[in-house]
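Coordinate-derived values only; no laboratory data. Computed from a predicted structure; not experimentally measured. With ideal geometry, Cβ positions are generated from the backbone for all residues, glycine too; neighbour counts draw on all protein chains shown.
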Amino acid sequence: MIRPILLVVTPFSQEALEPLQEYFDIVQWQSLPAPEAFCAQHGSGVLVLITNGMVGVPPPCRDTLANLALIACNGVGYDAIDLGWADARGIRVINTPDVLSADVADFAMALALAAFRRVPAADRYVRENKWRRQGAFTLTRRFWGSKVGIVGLGRIGHLIARRAAAFDTQIGYTGRRQQDGVAYAYFPTVLALAGWADVLIVATPGGADTCHLVSRVELEALGPEGVLVNIARGSVVNQLALIDCLESGQLGAAALDVFDDEPQVPEALAQSASTVLSPHIASATVQTRQAMAALVVDNILRHINGKCLISPVN
Ligand code: DGY
């Protein structure tokens, strides 16, 4: 009997896949010498695909997956997955919400603190022996007592707000609507929030609806002392406007875990003294990555056993 194929297109824990070996031939996209040829020949045998929110379904194989039944997105974001296409073909989509929220919120705080207190620059200063040769490091800015503006008060945004409040900051937010029972100050637009905030933390989903939600006018409103933190998606911030505003001093600093066109990072951001950069790792702790993988696998097992999905997207 021909076994169905589970196609894994993004890095995924081998160990977590073990319970699925009994049901599928598991094929790793990255180890295929010719992925397009594989899809042309075996695409119709692919029943389940594991991907993430940035990669989605690789275009070369999209039209060959005639029997694809489930797309398992290893992450909370699913912006690269065309839900209209999936719905039209009756393909179910799952993601991994909740299990990563606290780690992402922790990392947003780490970036905010690193930008205000210039932690990476201070680290370099010691390593490059400048402390001994040039004396004390420059003074930095105080984070506690600042005004923290959160763009997108969803699951992650709420946890960021809770953590930021513990630093005696004032919290404001913007989103599609004012939330009932939330004490933080609501601003109807990103621009209004940026005009008020000392630091803007972007925690909204990616995709067409939020593309360039933070653009030149918002960055200018944040101002020469303002700090931008992005742990969401590069697409939410207009990267060219961000570079311009940092270079001209119209924005104080940016701490970024996400970029347009990852893993490319523009030289202007990499060389800037006003940036703190990380390689999309906000959810990358051992515990959270294990929990995400387990949730993906549990959803797949439930799907093949005809049970309700744990975290359906559509
Ligand atoms: C997510 O979950 O969408 C993250 O960006 C990837 O880990």
Review point. Assigning unit charges at the beta carbon (Lys, Arg +1; Asp, Glu -1) and nothing else, what dipole magnitude in debye, to the nearest 20, does the stretch 8-156 show about its Cα centre?
Key: 1500 debye
Study note, to complete from the structure: In debye to the nearest 20, the charge dipole size for the stretch 27-100, taken about the Cα centre with +1 at each Lys and Arg Cβ and -1 at each Asp and Glu Cβ, equals 160 debye
**Study point:** Table column - 3J(HN,Hα) (Hz), the stretch 194-202, Karplus curve with 6.51, -1.76, 1.60, x for Gly and Pro
**Key:** 5, x, 8, 7, 8, 9, 10, 10, 8
Check your understanding: Taking K and R as +1 and D and E as -1, what net charge do the other residues with C-beta under 15 Å from the C-beta of residue 265 add up to?
Key -> -4
Study note, to complete from the structure: Computed on Cα atoms only, the convex hull of the chain has an orientation-averaged projected area in nm² of 18.6 nm²
Check your understanding: Out of the DSSP beta bridges found with both residues in the chain, what percent are antiparallel (nearest 5)?
Key -> 5 percent
Exercise for review: Kindly write out, for the stretch 75-81 in residue order, the coupling ³J(HN,Hα) from the Karplus curve 6.51 cos²θ - 1.76 cosθ + 1.60 (θ = phi - 60°), rounded to whole Hz, with x marking Gly and Pro.
Suggested key: x, 7, x, 9, 4, 7, 9
Revision key, fill the gap. The distance between the Cα centres of the stretch 79-104 and the stretch 175-207, in whole Å, is 24 Å
Point to revise | Over the stretch 254-306 - Rg/Rh using Cα atoms and the Kirkwood inverse-distance radius | key: 1.24
Review point. Looking at the chain, which Cys residues are left with no other cysteine's beta carbon under 4.7 Å from theirs?
Key: 73, 211, 245, 308
Point to revise | Within the chain: Cβ-based charge dipole about Cα centre, in debye rounded to nearest 20 (Lys, Arg +1; Asp, Glu -1) | key: 800 debye
Study note, to complete from the structure: A chain fully extended from residue 168 to residue 302 at 0.36 nm per residue, minus the present Cα-Cα distance, gains in nm 43.8 nm
Review point. Which whole-Hz couplings ³J(HN,Hα) result when phi for each residue of the stretch 83-95 is put into the Karplus expression 6.51 cos²θ - 1.76 cosθ + 1.60, θ = phi - 60°, listed in order with x for Gly and Pro?
Key: 5, x, 5, 5, 4, 4, 9, x, 8, 7, 10, 10, 9
Study note, to complete from the structure: Rounded to a whole number, the Stokes-Einstein D of the stretch 1-41 in µm²/s (Kirkwood radius over Cα pairs; 4 °C; 1.567 mPa s) is 117 µm²/s
Exercise for review: List every DSSP H helix in the chain whose Cα atoms extend 20 Å or more along the helix's own long axis and whose mean Kyte-Doolittle hydropathy is at least -0.5.
Suggested key: 101-117, 286-304
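What are the semi-axes of the equivalent ellipsoid of the stretch 60-186, taken as the square roots of 5 times the eigenvalues of the Cα gyration tensor, listed largest first and rounded to whole Å? Mind showing how you got there, number by number?
Details: eigenvalues 326, 111, 21 Å².
Over the Cα atoms of the stretch 60-186, the semi-axes work out to 40, 24, 10 Å.
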Check your understanding: Order of 231-243, 261-273, 194-206 by packing, highest average Cβ count within 10 Å first?
Key -> 194-206, 231-243, 261-273
**Study point:** Options 185, 170, 68, ranked by Cα towards positive dipole end of the chain, top entry (Cβ charges)
**Key:** 170
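Considering all alpha-carbon pairs of the stretch 183-299, what whole percent are spaced by more than 26 angstrom?
On the way: 1606 of 6786 pairs.
So the pairs more than 26 Å apart make up 24 percent of the total in the stretch 183-299.
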Practice item. Could you point to the residue in 58, 101, 78 farthest towards the positive end of the stretch 57-107's charge dipole, with +1 and -1 charges on the Cβ of Lys/Arg and Asp/Glu respectively? Key: 58
Study note, to complete from the structure: One finds, for residue 130 and residue 268 with R0 = 25 angstrom and r their Cβ-Cβ distance, a FRET efficiency to the nearest 0.05 of 0.60
Point to revise | Under-5 Å amide H pairs with residue 150, H placed in peptide plane, nonlocal only | key: 172, 173, 174, 201
**Study point:** Computed [θ] at 222 nm, deg cm²/dmol, the chain (DSSP H ≥ 4; -39,500 (n - 2.57); rounded to nearest 500)
**Key:** -10000 deg cm²/dmol
Review point. Seen from all sides and averaged, what is the projected area of the convex hull of the Cα atoms in the stretch 1-135, in nm²?
Key: 12.4 nm²
